[in-house]
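A quick write-up on the structure given underneath.
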There are 2 protein chains.
Amino acid sequence: MRWLTLPITSPDQRYLLAAISRQKQLTKPAGSLGELEHIAIRLAAMQATDKPSIDKVWISIFAADHGIAEAGVSAFPQAVTAEMVKNFVQGGAAISVLAQQHQAHLEIIDVGVASQLTELAIIHQKIALGTANFLTQAAMSQAQLQSALQAGKEAVNRARADNSQLFIGGEMGIANTSSATAIACSLLKLSAKQLTGAGTGLDSLGIQRKAEIIQQALDKHQQISATALPLLQHLGGFEIAALTGAYIAAAQQQLPILVDGFICSVAALLAVRINPNIKPWLIFAHCSQEQGHQRILEDLDAQPLLNLNMRLGEASGAALAIPLLRSACALHAQMATFEQAQVSQG
Amino acid sequence: MRWLTLPITSPDQRYLLAAISRQKQLTKPAGSLGELEHIAIRLAAMQATDKPSIDKVWISIFAADHGIAEAGVSAFPQAVTAEMVKNFVQGGAAISVLAQQHQAHLEIIDVGVASQLTELAIIHQKIALGTANFLTQAAMSQAQLQSALQAGKEAVNRARADNSQLFIGGEMGIANTSSATAIACSLLKLSAKQLTGAGTGLDSLGIQRKAEIIQQALDKHQQISATALPLLQHLGGFEIAALTGAYIAAAQQQLPILVDGFICSVAALLAVRINPNIKPWLIFAHCSQEQGHQRILEDLDAQPLLNLNMRLGEASGAALAIPLLRSACALHAQMATFEQAQVSQG
């Protein structure tokens, strides 16, 4: 797994400065496009160009099941993971609709769904029929962790080969907020109670029970090192590890990353702990309604673009932010300067 | 001006209930699409249809100058209003770029720019070469107010004739945050200091001076009735009155309205005070950085979709929200139900 810590190049400072200068010349009060100006400037530096663009977007959804689901931590049965993968392929899921609306390439990777999906037109990289229940043992072996991280890297390789200009990761996996919450608690040194949320829609009693189960798991694994890779192995999910690997690989390949919701932000947090230089390559799409998300975004100094009280996953929040990135690029490239338009300055 | 208080039909309750029911059947945890669910449900009721859509969008930008500009309340000279109108037409302004990106129809209406623009391909409804300075007299006559409101209504007539499914109003007018702030202070019974913001980019000293000037104007006109039409006449701008008229006419014609930033929200507040039944027809696009905007949105019980620290006007914030409305519609229409996709429910 040595590739995880290989160097990450910083976004290009020359293009960053040139973009800052251009934004000041465009026909609008300086700063009046708010976050869109920051996004255009950051993308110019990441893409090392005067006129960044986000025409080609790649979305990889990693699907996997979780042993912890048997503890009853989700409002939905485990079968939903496989059922939703079929729904993604058939075009009926939220991310299917949004990917089509925004002309993004959408691929689904089975990294560990708990049933055979061989008949589906998806990418088959099943590591196991779900993780082990981390209440009683490590969620996965080290070899399995390595495979999951590698699956993420391979998705980025495909995105790069297709000349994509933005990488979006997404996830599907019943019970994966429990896994993500356990990891985040360990990384941020918080109790399960502080971070546990409703996931797909637990009531307050359900949330309390879920927090107790996660706390049990944290207590059971307290002897392991509170660093990213051991935590991923003991408390993780295959899709969370794949996202972590994908984010690191994307930054290594200088591909801007748009981060979705709670689960993806935990993967981003893991990626930052493994290789801190990834940070300038991350754009955060939204703050979800999942209780722990705000806390994780704060730890990452993230300024999410949207806050629409969503809590769906599937990269849906990131997909909604695609047009904002495209607007930022279009405004940066196409607006007239004060000089061009002969508009007086303040 | 009797048309302003003619009845406004409520959005159709049957379609509202049908849309709520459909949202619960779509393959996602109930409520997990957050604000997008509310938007889809509201649009279904406004358009009286099972499958709302926002394919055709109409943007009317009203441009006008303000006598108060001579008091030095803006960071930009008055000439910028006319210069920016040219920039809109030439495609170099933010709204030009965004309208093209989102395939929205964009029209510019001169309701009172302080110079002749007869050579430009815009709609010519100039009422005067700017309003009078409301520090010393009423900004406009009653006849002028009537013409401005009517210009707004006519824009909506054009939008309706073109079968537009969404009306967006925008504004351009150096010093118009001063006019809007003065009106909002009167309507909300607040001091100028509480609401005055940076506009196009004043520093803190400039904001303080602007607040003093606005307070002077409020004191001068304190004898007038603190109701919408007298306030519009004494403190308003032609573009603010046009927006107010447009919003009322759009609701009367059952055309959903997407409200832009601070100035437009003040026009929406005026419209609600004139004809309260307009309220369910208003969708608020964003919360701007202009200091008083949040306060006005609260008074309108508005839940703005975006918060990107913008403060540009020109309908730019509303244009950015168009894809979110389209996503809400696409998800509502195209997602599979649990039954269709054979996905288990929680």
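The values are calculated or read from the model by the stated rules, or taken from the named source; none is laboratory data. In this text, all values refer to a predicted model and were calculated from it rather than measured experimentally. Don't worry about glycine lacking a Cβ; one is built from the backbone with ideal geometry, like all the others, and counts go over all protein chains shown. Only protein heavy atoms, including side chains, enter the accessible area calculation; ligands, DNA and RNA are left aside. Shrake-Rupley method; radii C 1.70, N 1.55, O 1.52, S 1.80 Å.
For the reader, a short list of remarks on this structure follows.
- Gyration tensor (Cα) of region B:292-346, equivalent ellipsoid semi-axes in angstrom: 34, 15, 8
- Cα gyration tensor category, rounded, prolate or oblate, for region B:182-323 with a/c compared to 1.5: oblate
- What separates the B:GLU339 label point from its copies, with the point 7 Å along Cα to Cβ, is 6.5 nm, written shortest first.
- Calculated SAXS-style log₁₀ I(q)/I(0) at q = 0.16, 0.31, 0.32 Å⁻¹ - region B:45-93, Debye, Cα scatterers: -0.64, -1.18, -1.20
- GNM top mover of A:ILE54, A:ILE183, A:ILE174 - chain A, alpha-carbon springs below 10 Å: A:ILE54
- Fluctuation leader among B:LEU190, B:LEU166, B:LEU305 - chain B, Gaussian network, Cα springs under 10 angstrom: B:LEU190
- Projected label points at A:LYS56 and B:HIS124, each 7 Å from Cα along the beta carbon direction, are separated by 4.9 nanometres.
- Geometric extent, Cα atoms of chain B - Rg, Dmax (angstrom): 20.1, 70
- Förster-model FRET efficiency, 41 Å R0, B:ARG209 and A:LEU300, C-beta, rounded to 0.05: 0.55
- Here the spin labels are modelled as points 7 Å beyond Cα on the Cα-Cβ line, and at A:GLN216 and B:ILE20 they lie 3.8 nm apart.
- Per residue, region A:200-346 exposes 32 Å² of solvent-accessible protein surface, assessed with a 1.4 angstrom probe and all protein chains in place.
- Legend: translational diffusion of region B:186-235 by Stokes-Einstein, Rh = Kirkwood radius over C-alpha pairs, 10 °C, 1.306 mPa s; D = 137 µm²/s.
- The accessible area of A:ASP162, taken with all protein chains in place and a 1.4 Å probe, comes to roughly 60 Å².
- Nearest-ten-degree value, helix B:79-90 long axis tilted from longest Cα axis of chain B: 40
- Most mobile of A:GLU119, A:GLU212, A:GLU298 in a GNM of chain A (Cα contacts under 10 Å): A:GLU119
- Using C-alpha pairs below 8 Å separated by at least 6 residues, the relative contact order for region B:1-154 is 21 percent.
- Beyond 27 Å, the tail of the calculated P(r) for region B:45-186 holds 26 percent of the Cα pairs.
- Shortest-first nm distances, B:ALA226 label point to equivalent points in other copies (7 Å, Cα→Cβ): 5.4
- Nearest beta-carbon to the B/A symmetry axis - residue in chain B, distance in Å: B:PRO323, 2
- Cross-link reach list, lysines versus B:LYS189, counting only Cα pairs under 16 Å and skipping chain neighbours closer than eight places: B:LYS220
- Over 30 Å between alpha carbons, listed pairs A:LYS153/B:LYS24; A:LYS51/B:LYS126; B:LYS28/B:LYS56; A:LYS56/B:LYS28: A:LYS153/B:LYS24; A:LYS51/B:LYS126
- Calculated from the alpha-carbon coordinates, the protein assembly as shown shows an Rg and a Dmax of 26.5, 80 Å respectively.
- Label 7 Å beyond Cα on the Cβ vector: B:GLN215 copy-to-copy distances, nm: 5.3
- Measuring between their Cα centroids, region A:241-276 and region B:317-339 lie 27 Å from each other.
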